[in-house]
1. Return, ordered by residue number, the residues of segment A:144-159 whose backbone nitrogen is under 17 Å from a label point located 7 Å along Cα→Cβ of A:LYS88.
2. Keeping all protein chains in place, calculate the accessible area per residue for segment B:1-135 (probe 1.4 angstrom), answer in Å².
3. Evaluate the charge dipole of segment A:40-171 about its Cα centre and quote only its size in Debye, nearest 20, assuming +1 on the Cβ of each Lys and Arg and -1 on the Cβ of each Asp and Glu.
4. Would you tell me the mean number of C-beta atoms belonging to other protein chains that fall within 10 Å of each C-beta in A:95-101, as a whole number?
5. Going by alpha carbons, how many degrees (0 to 90, nearest 10) lie between the helix axis of B:39-48 and the longest principal axis of chain B?
6. How large is log10 of I(q)/I(0) for segment B:1-107 at q = 0.17, 0.19, 0.23 Å⁻¹ when the intensity is taken from the Debye formula with one equal scatterer per alpha-carbon?
7. Give the separation of the Cα centroids, segment B:137-169 to segment B:63-128, in Å.
8. Cα convex hull of the protein assembly as shown: mean projected area in nm², to one decimal?
Protein chains: 2
Amino acid sequence: MPHAMLSTLTDFDPHTGLSGARPSIRRHLSKMQNMFADAEAYAAARAQGDPVVYEFYDMGVPHSEKDVAYGTSITYPGKIGREYYMTKGHFHTVIDTAEVYYCLRGRGFMMMESPEGKVEWRELTRGTAVYVPGRYAHRSINVSATEPLITFFAFPGHAGHDYGTIETRGFRKLVVEENGAPAVVDNPRWGG
Amino acid sequence: MPHAMLSTLTDFDPHTGLSGARPSIRRHLSKMQNMFADAEAYAAARAQGDPVVYEFYDMGVPHSEKDVAYGTSITYPGKIGREYYMTKGHFHTVIDTAEVYYCLRGRGFMMMESPEGKVEWRELTRGTAVYVPGRYAHRSINVSATEPLITFFAFPGHAGHDYGTIETRGFRKLVVEENGAPAVVDNPRWGG
């Protein structure tokens, strides 16, 4: 008889996005060198300290297509120069696996791009779900000056993460503040 | 070059659980004959009308293990006799596929049971995620007298739904009100 796993119950505070169940994975600014367009502003921010830009959870779900990896992602408010705080972004290792995000709090963008250069972005506010289809790298961007951007995410257990491609090449588009509002612009440092 | 799907953005009101994007699937009381233990109370409730017991969304995600089916589920407050309003409950057709639920509002239970008779239940409140492992039939039960139980759910696109097994046999356990509080009791009509 197949072994039946146990169910799990996990808290994710809808206001902070944080869980008491296990440590989150925290990305400090120092781990995002060369990811923001303005190198001078990045250096200046690093001289002030090493804040957490975003954090998220890996719940340790089996890496199987029959399981669903899930958790919360919290991107904090902030900017490097004119560019808003964001996640590194990633492709899935099994590149054509999808991911869904439900926004619990805040205001931001989901930036998506395919290897062939198709670019899409969607605006996230509380109560919106964005479906990221397979083949799209995706990144969360927080455009609020005060609130964290909090999402609940779910993706196939076997999807895996490919961070390297984006770290090397960047996304084709950036989200920056222009006249007090977010604007999507070309990435001058894109290395495709 | 493989065709890249478009992303989608969908609203799911976190207070009502409802979306303006497409019609929900609504389960009226008349579609739940023989699912509640108290047949007399069911007949009396039906004589009063045919309320919606619960509703949920099918977003039409491809039935592939690379996709993630998602949406909200809203179970309304109410009782049939002492038994709380609940969803029909189902196994997945690909029986060992999992599902995750994140509770957006309300108070309830996720009742789970495996074909071999292993039973588990978890209490849902706002901000809790329950992971239903593969092989477990699962049902949402609303134990609040006033509020809907609202969850955001996600499961592998190829999982499918098997409602028939539960419709025929029922769950081994019921959740009923005893002295003003929810209690888990044996199902006197279980047909295993």
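The values are calculated or read from the model by the stated rules, or taken from the named source; none is laboratory data. All values derive from a computational prediction rather than experimental measurement. Glycine gets a Cβ as well: all are built from the backbone with ideal geometry, and neighbour counts include every protein chain shown. For accessibility, only protein heavy atoms count, side chains too; no ligands or nucleic acids. Shrake-Rupley method; radii C 1.70, N 1.55, O 1.52, S 1.80 Å.
1. A:159
2. 42
3. 360
4. Mean number of neighbouring Cβ atoms from other chains: 6.
5. Roughly 70 degrees between the two axes.
6. Each listed q maps to, in turn, -0.96, -1.11, -1.33.
7. A separation of 4 Å, based on Cα centres.
8. 20.1
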